[in-house]
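Beneath this line is the structure, given in structure tokens, with notes to follow.
The values are calculated or read from the model by the stated rules, or taken from the named source; none is laboratory data. Predicted model, so just to flag it, every value in this text is computed and none were measured. Reconstructed Cβ throughout: ideal geometry from the backbone, glycine too, with neighbour counts over all protein chains shown.
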Amino acid sequence: MTPALSLRNVHKSFDGIVAIEDFSLEIERGEVVALVGDNGAGKSTLVKIISGMYQPTSGEIRLGGEPVHFTDASQSQAKGVQVVYQDLALADSQTVYMNLFLGREKTKGPFGKLDRAAMIAETETLVRELDVRIPSAKSIIRDLSGGQRQGVAIARATHWATNLVLMDEPTAALGVAETAKVEDIIHGLKARNLPILIISHSLDQVFRLSDRICVLRRGRQIGVRKTAETDKNEIVSMITGLKAAGEA
């Protein structure tokens, strides 16, 4: 089976300073892979490379077996790659449905009038499928809780994602109950056969959600482990460098 995402020997340096060194990873459809490491390990840099915000200095990225060369995030979005960031990137003064279609608004008629009814109906169907509990598709984003906002951000990403969902600390600012709700949504995305790469600082969350765990330390790929075949002690040792670990 062709991997949904394939990274081969990806290297990234900034003015001669190495941020990512020889990183290789494959992710299958319906798989959740967690990317872990201390601050400065290169996790967010890697997500930005995959999403087109940065270009690799060398190496290859393939989506569904096809080589891709993104020069900006809009190109990766056009290929069905969506990112959910901790800071959400939502328009607080806009409605839920307008956020879902931001930059992709549906129109009708010869004068391109906004088709609000179609956008509202599509939004309500999606949030119902994902079980994102919001008062209405017409709710204003600033009136929602942190968990509801994150649910909207994930709904927007998954609405447009056909090939890959990237999540950079999606629950870092949430409480326990809201985090659990977002994790339920992530399980739902996996059930829909979407491939997911998630960055999380919480090893408890990593072990709840992921199929495999990839460890980065100071830009170097330390190893990849099947979640069911490892434990927190080994992953912590790999993160901190207390134990040498080769890639599984």
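Of the conditions (1) closer than 19 Å to residue 196 by Cβ; (2) in a strand (DSSP E or B); (3) without any contact (Cβ under 8 Å) to a residue 24 or more places away in the chain, residue 48 clears all except one; give me its number.
Single failed check for residue 48: (2).
Taking the condition surrounded by 13 or more Cβ atoms within 10 Å (Cβ to Cβ), modelled with pLDDT of 95 or more, in contact with a strand residue (DSSP E or B) (Cβ under 7 Å, 6 or more places away or on another chain) and not basic (Lys, Arg), does residue 154 pass?
no
When the residues of the stretch 205-227 are narrowed to those that are at pLDDT 95 or above and not in a strand (DSSP E or B), which ends up surrounded by the most Cβ atoms within 10 Å (Cβ to Cβ)?
If we take residues in the stretch 205-227 being at pLDDT 95 or above and not in a strand (DSSP E or B), then 210 is surrounded by the most Cβ atoms within 10 Å (Cβ to Cβ).
What's the number of the condition residue 127 fails, among (1) assigned to a helix (DSSP H, G or I); (2) modelled with pLDDT of 95 or more?
Condition (2) is where residue 127 drops out.
For the stretch 187-204, what are the residues that are modelled with pLDDT of 90 or more and either crowded, with 20+ Cβ neighbours inside 10 Å or not in a helix (DSSP H, G or I) (or both)?
193, 194, 195, 196, 197, 198, 199, 200, 201, 202 - these are the residues of the stretch 187-204 that are modelled with pLDDT of 90 or more and either crowded, with 20+ Cβ neighbours inside 10 Å or not in a helix (DSSP H, G or I) (or both).
Test of understanding: among 110, 67, 135, which residue is assigned to a strand (DSSP E or B) and surrounded by fewer than 18 Cβ atoms within 10 Å (Cβ to Cβ)?
67
Within the stretch 160-181, how many residues are at pLDDT below 85, part of a helix (DSSP H, G or I) and under 21 Å from residue 91 (Cβ atoms)?
Residues flagged as at pLDDT below 85, part of a helix (DSSP H, G or I) and under 21 Å from residue 91 (Cβ atoms) within the stretch 160-181 amount to 1.
Got at least one residue in the stretch 107-124 being out of contact with any Asp or Glu (no Cβ under 6 Å at 6 or more places or on another chain), of a type outside the set (Ser, Thr, Tyr) and in contact (Cβ under 8 Å) with a residue 40 or more places away in the chain?
no
Take the stretch 9-29 and flag every residue that is out of contact with any Pro (no Cβ under 7 Å at 6 or more places or on another chain), farther than 26 Å from residue 242 by Cβ and surrounded by 15 or more Cβ atoms within 10 Å (Cβ to Cβ). Working first, answer last.
First, the residues of the stretch 9-29 that are out of contact with any Pro (no Cβ under 7 Å at 6 or more places or on another chain): 9, 13-25.
Keeping just the survivors that are farther than 26 Å from residue 242 by Cβ gives 9, 13-16.
None - no residue of the stretch 9-29 is out of contact with any Pro (no Cβ under 7 Å at 6 or more places or on another chain), farther than 26 Å from residue 242 by Cβ and surrounded by 15 or more Cβ atoms within 10 Å (Cβ to Cβ), so the list stays empty.
Would you pick out the residues in the stretch 4-29 that are more than 22 Å from residue 74 (Cα to Cα), in a loop (DSSP other than H, G, I, E, B) and either in contact with a strand residue (DSSP E or B) (Cβ under 7 Å, 6 or more places away or on another chain) or modelled with pLDDT under 95 (or both)?
15, 16
If I filter the stretch 228-245 down to residues being in a loop (DSSP other than H, G, I, E, B) and either within 25 Å of the chain's Cα centre (by Cα) or modelled with pLDDT of 95 or more (or both), which single residue comes out as farthest from residue 201 (Cα to Cα)?
Ranking the candidates gives 230 first.
In this structure, is residue 84 modelled with pLDDT under 90 and in a strand (DSSP E or B)?
Considered against the rule, which asks whether it is modelled with pLDDT under 90 and in a strand (DSSP E or B), residue 84 comes out as yes.
Name the pairs whose Cβ atoms lie under 7 Å apart, with the first residue in the stretch 175-194 and over 21 Å from residue 159 (Cβ atoms), the second modelled with pLDDT under 85 and of a type in the set (Gly, Ala, Ser), and 6 or more positions between them or separate chains?
From residues that are over 21 Å from residue 159 (Cβ atoms), there are no pairs.
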